[in-house]
1. For the pairs Lys23/Lys93; Lys34/Lys80; Lys53/Lys104; Lys5/Lys53; Lys23/Lys56, note any where the Cα-Cα span goes beyond 19 Å.
2. How large is the charge dipole for the chain, taken about the Cα centre, if only the Cβ atoms of Lys, Arg (+1) and Asp, Glu (-1) carry charge, to the nearest 20 debye?
3. What distance in nm lies between label points placed 7 Å from Cα along the C-beta direction at Lys104 and Leu32?
Amino acid sequence: MAEAKGLGEKIFFIATGVRLHAKEYFLRFTGLFKRYRYCISFPSIPEGLKAEKELKGVGGVSIPIPDEIFEGCGVGILVKDEEELKRVLDHLKNKGILVSGVFKREGNRFLEVGGEG
């Protein structure tokens, strides 16, 4: 995880974590989480947050990286199907945003199916 340099940055990281976890809890509680077939991971939290910003209006939903993928800090982008996955990955590539992994839901697990490096 990136180390926050000052108080403002620490508050930003905490608020962002709360926002992303609230979104994840809502998706899981309502059952909507299971509608998403893929999750994209990033090499760092700042890279994931940059992706979240660039994807507004394009597709995907940002959440903390699911525990089914990695039990630690990180940002993940959930997408519903292969068409949306391709659109999102193409957009991220065009914006120069690095992707570290692509995971596909198999039952209650996510299995790695690719990455962009």
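No value in this document is a laboratory result; all are computed from the given coordinates. This is a predicted model, so every value here is computed, not measured. For neighbour counting, all protein chains shown are included, and Cβ atoms are generated from backbone atoms with ideal geometry for every residue, glycine included.
1. Lys23/Lys93; Lys53/Lys104; Lys5/Lys53
2. Value, rounded to 20: 360 debye.
3. It works out to 2.5 nm between the two label points.
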